[in-house]
Amino acid sequence: MGIRLKFNLVLVAVGATGVGLFALISGPYLREQAREEVLVRSRIMMASAAGIRNYTSEEIAPLLSETNKGKFHPQAVSSYAAMKNFSVLHAEFPNYSYREAALNPTNPADRATESEVDIISDFRASPAKQELVSERETHLGRVLYLSRPLVATENCLICHDVPDRAPPDMVTKYGRQNGFGWKLNEVIGAQIVSVPMAVPLANAASSLNLFLLQLGAVFALLMVLINLLLRSSIIQPILQMARVAGDVSMGKPNVEEYVKSGSDEVASLSASLNRMKRSLDEAMKLLNAKQK
């Protein structure tokens with residue numbers, strides 16, 4: 001096995017190990033960065049929903065209450081306003097969604113699904129928990145869910161305590177069966193934002209592949225440069241010195257010396273070989289003179 005082949009095998013092993021370690025370390029890091037990016041988007045959506053809810057309950061609801069006493073306006077309900085706002089976002093970005101799911105909602109469309117019931121039950125079991133992040137595989141790919149609890153307040157009980165206390169228009173619209181019996185400070189539902197992770201994860205995978213390609217190109221360039229340096233600085237000089245040593249050992253006359261310029265180890269070896277050749281030539285001349 002030649003020196004060049006040995007060097008190349010070592011370089012290939014080092015390159016493959018380096019690329020593998022880079023992929024092993026960078027892959028999870030890039031995927032975590034993609035997840036953080038999605039989580040930031042989810043929190044922005046949640047903060048937007050909170051702002052709409054506060055604005056509606058603190059400014060719109062009192063205004064409508066004063067001008068239309070006794071009448072029920074869905075526009076005065078904070079959850080209605082938040083859902084309406086996000087319906088515009090959903091129309092533009094169908095894979096993004098926002099729900100205010102409840103175990104016992106006034107509107108049956110807001111009733112929690114099986115997976116949403118699990119989220120609400122988690123909040124009920126841990127009243128101090130203010131946020132829950134989960135991920136699920138869907139037909140659209142991996143989706144991140146950010147959830148926060150909905151807690152019944154005194155304002156909520158005006159409409160959701162018993163049917164007789166609720167606005168008559170609301171009872172007429174939705175009936176007396178749904179959305180009543182809430183208790184003060186009870187977790188009655190959850191705000192749930194869902195954001196797809198497919199694009200950020202795909203971007204993370206593309207970034208990883210690009211980094212690996214660049215790293216592989218660097219190792220390939222390094223191999224080429226090392227091979228050129230190895231050929232010009234070591235292999236060719238050694239082959240030349242081996243040829244000179246072979247000719248001398250075969251007793252050929254007037255063998256031309258090989259001089260390697262420079263001050264490296266190969267040049268030092270070349271100088272030593274030439275001194276040995278000259279010494280051998282002198283010894284052979286003395287021997288031939290004695291024989292005569």
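Throughout, read-outs are computed from the coordinates displayed, never taken from laboratory work. Model, not experiment: these values are computed from the prediction. Methodologically, a virtual Cβ is constructed for each residue, glycine included, from the backbone with ideal geometry; neighbour enumeration extends over all protein chains shown.
Between SER87 and SER207, the FRET efficiency from the beta-carbon distance, with R0 = 41 Å, is close to 0.75.
Note on HIS73, HIS139, HIS160: ascending count of other Cβ atoms within 10 Å places them as HIS139, HIS73, HIS160, the fewest first. Using DSSP to define loop residues, name the trypsin sites (Lys or Arg not before Pro) in segment 117-178 whose beta-carbon has at most 16 other beta-carbon atoms within 10 Å. Of the trypsin sites (Lys or Arg not before Pro), the ones in loops of segment 117-178 whose Cβ has at most 16 other Cβ atoms within 10 Å are LYS129, ARG176. Helical content alone sets the calculated 222 nm signal of the chain at -20500 deg cm²/dmol, taking -39,500 (n - 2.57) per DSSP H segment of four or more residues and averaging over every residue. Taking a temperature of 20 °C and a viscosity of 1.002 mPa s, what whole-number D in µm²/s does Stokes-Einstein yield for segment 205-291 with Rh from Kirkwood over alpha carbon pairs? The estimated diffusion coefficient comes to 132 µm²/s. Hey, in the GNM for the chain with a 10 angstrom Cα cutoff, which one of VAL143, VAL199, VAL255 fluctuates hardest? Among VAL143, VAL199, VAL255, the largest GNM mean-square fluctuation belongs to VAL255. Under the simplified labelling scheme, the LYS129-ILE25 pair shows an inter-label distance of 3.5 nm, with each label point 7 Å from Cα along Cα→Cβ.
Cross-link pairs exceeding 25 Å between alpha carbons, from the set LYS84/LYS129; LYS129/LYS183; LYS6/LYS277; LYS252/LYS285: LYS84/LYS129; LYS6/LYS277. Each pair of Cα atoms in the chain enters the Kirkwood radius, and Stokes-Einstein at 4 °C and 1.567 mPa s then converts it into a translational diffusion coefficient of 49 µm²/s. From least to most packed, judged by other beta carbons within 10 angstrom and beginning with the fewest, SER126, SER42 follow the order SER126, SER42. Between amide H atoms placed 1.01 Å from N, distances below 5 Å from PHE72 occur with ASP169, MET170, all of them 5 or more places distant or on a separate chain. Converting phi to 3J(HN,Hα) with the Karplus coefficients 6.51, -1.76 and 1.60 and the offset θ = phi - 60°, segment 167-184 yields x, x, 4, 5, 5, 5, 6, 10, x, 9, 9, 10, x, 10, x, 5, 10, 4 Hz in sequence order, with x at every glycine or proline.
Using the Karplus relation 6.51 cos²θ - 1.76 cosθ + 1.60 with θ = phi - 60°, the per-residue 3J(HN,Hα) values for segment 124-132 come to 5, 6, 10, x, 6, 6, 10, 7, 9 Hz, with x marking Gly and Pro. Rounded to the nearest 10 degrees, what's the angle between the helix 3-55 long axis and the longest principal axis of the chain, both from Cα atoms, 0 to 90? Approximately 20 degrees, to the nearest 10.
By the beta-carbon count within 10 Å of each Cβ, the least crowded to most crowded order of TYR55, TYR29, TYR98, fewest first, is TYR29, TYR55, TYR98. Note: relative contact order over the chain, using C-alpha pairs below 8 Å and six or more positions apart, is 21 percent. Under a Gaussian network description of the chain, with springs only between Cα atoms under 10 Å, the residue in MET83, MET223, MET241 that fluctuates furthest is MET241.
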